[in-house]
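As structure tokens, the structure follows; a few thoughts come after it.
The values are calculated or read from the model by the stated rules, or taken from the named source; none is laboratory data. The structure presented is a predicted model; accordingly, all values stated were derived computationally and were not measured. As a convention, Cβ positions derive from the backbone with ideal geometry for all residues, glycine included, and neighbour counts pool all protein chains shown.
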């Protein structure tokens with residue numbers, strides 16, 4: 001199947017102090033400018049620019065007891081960054097990274113007191129759908145990170161990439177017609193549940209013509225169970241009454257999944273494939 005990721009466009013809160021939190025990771029790259037982009041579910045999102053090369057990507061950082069956890073898309077490559085005691089001179093070493101109980105052999109390089117590893121498309125999906133990340137670099141104490149909010153963080157990074165770091169409009173939410181394009185991973189990994197109920201919203205769900213298969217549209221209840229509402233073929237749409245904070249999932253016939261969270265001002269949700 002084609003694997004893809006979708007764009008997300010919506011009004012977001014802006015944070016003011018990302019530069020301080022990020023200094024441990026980026027201060028050794030003096031030619032880079034880090035611009036705050038937004039904050040979502042405990043993650044601070046930023047854009048990366050270069051004095052001559054221009055826009056280079058976006059990332060998100062979360063403070064954890066084990067140190068700063070950073071996820072970036074830098075020059076079209078997804079990266080995972082964690083603290084390390086290694087020096088830059090040690091260059092590379094092997095590691096085991098675990099998304100919940102899914103363990104994957106990996107390799108990290110060492111830059112400015114941090115360990116950096118590329119993430120595959122599948123690993124980005126695992127990160128989005130897992131609760132805990134464990135990084136065990138050879139001969140180092142394993143690091144454990146809470147992945148709460150990681151799905152929202154990856155979505156926000158993707159939005160930042162699409163906008164090349166330009167902040168969304170900060171106009172009033174009333175009267176807006178926000179559209180959200182939600183991400184797909186290759187497997188339905190679960191771990192998503194509706195947590196809050198807000199104001200009632202009438203949402204227009206659309207299956208983009210770029211999809212190869214029809215999909216079933218489910219509401220995810222407070223226990224994480226799916227409640228089937230309808231089936232949409234490519235190009236079809238349906239209006240659904242729901243509530244702010246509720247979670248919806250589209251499950252395609254090729255076993256791909258895409259999640260959407262209902263947010264204030266949201267009116268349209270489009271499920272479609274786009275290449276990484």
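Looking at (1) surrounded by 14 or more Cβ atoms within 10 Å (Cβ to Cβ); (2) over 18 Å from the mean Cα position of the chain (by Cα); (3) not in a strand (DSSP E or B), which one does residue 123 not meet, given that it meets all the others?
(2)
Where residues in the range 32-64 are more than 17 Å from the chain's Cα centre (by Cα) and not in a strand (DSSP E or B), which of them is surrounded by the fewest Cβ atoms within 10 Å (Cβ to Cβ)?
Only one residue fits best here, namely 52.
Evaluate the range 100-107: report whether one residue or more is outside the structural domain of residue 259 (by TED's automatic domain parsing), over 27 Å from residue 33 (Cα atoms) and either at pLDDT below 90 or out of contact with any strand residue (DSSP E or B) (no Cβ under 8 Å at 6 or more places or on another chain) (or both).
Among the residues of the range 100-107, at least one is outside the structural domain of residue 259 (by TED's automatic domain parsing), over 27 Å from residue 33 (Cα atoms) and either at pLDDT below 90 or out of contact with any strand residue (DSSP E or B) (no Cβ under 8 Å at 6 or more places or on another chain) (or both), which makes the answer yes.
Please state which one of 270, 203, 220 is without any contact (Cβ under 8 Å) to a residue 60 or more places away in the chain and crowded, with 16+ Cβ neighbours inside 10 Å.
220
Could you grab me the full set of residues in the range 85-104 that are surrounded by fewer than 14 Cβ atoms within 10 Å (Cβ to Cβ), over 22 Å from the mean Cα position of the chain (by Cα) and in a strand (DSSP E or B)?
92, 94
Which one of the conditions (1) at pLDDT 90 or above; (2) outside any strand (DSSP E or B) does residue 210 fail to meet, given that it meets all the rest?
(1)
Just to be sure, is residue 178 at pLDDT below 80 and over 17 Å from the mean Cα position of the chain (by Cα)?
The answer is yes for residue 178.
Determine whether residue 72 is modelled with pLDDT of 90 or more, part of a helix (DSSP H, G or I) and not assigned by TED's automatic domain parsing to the domain that holds residue 258.
no
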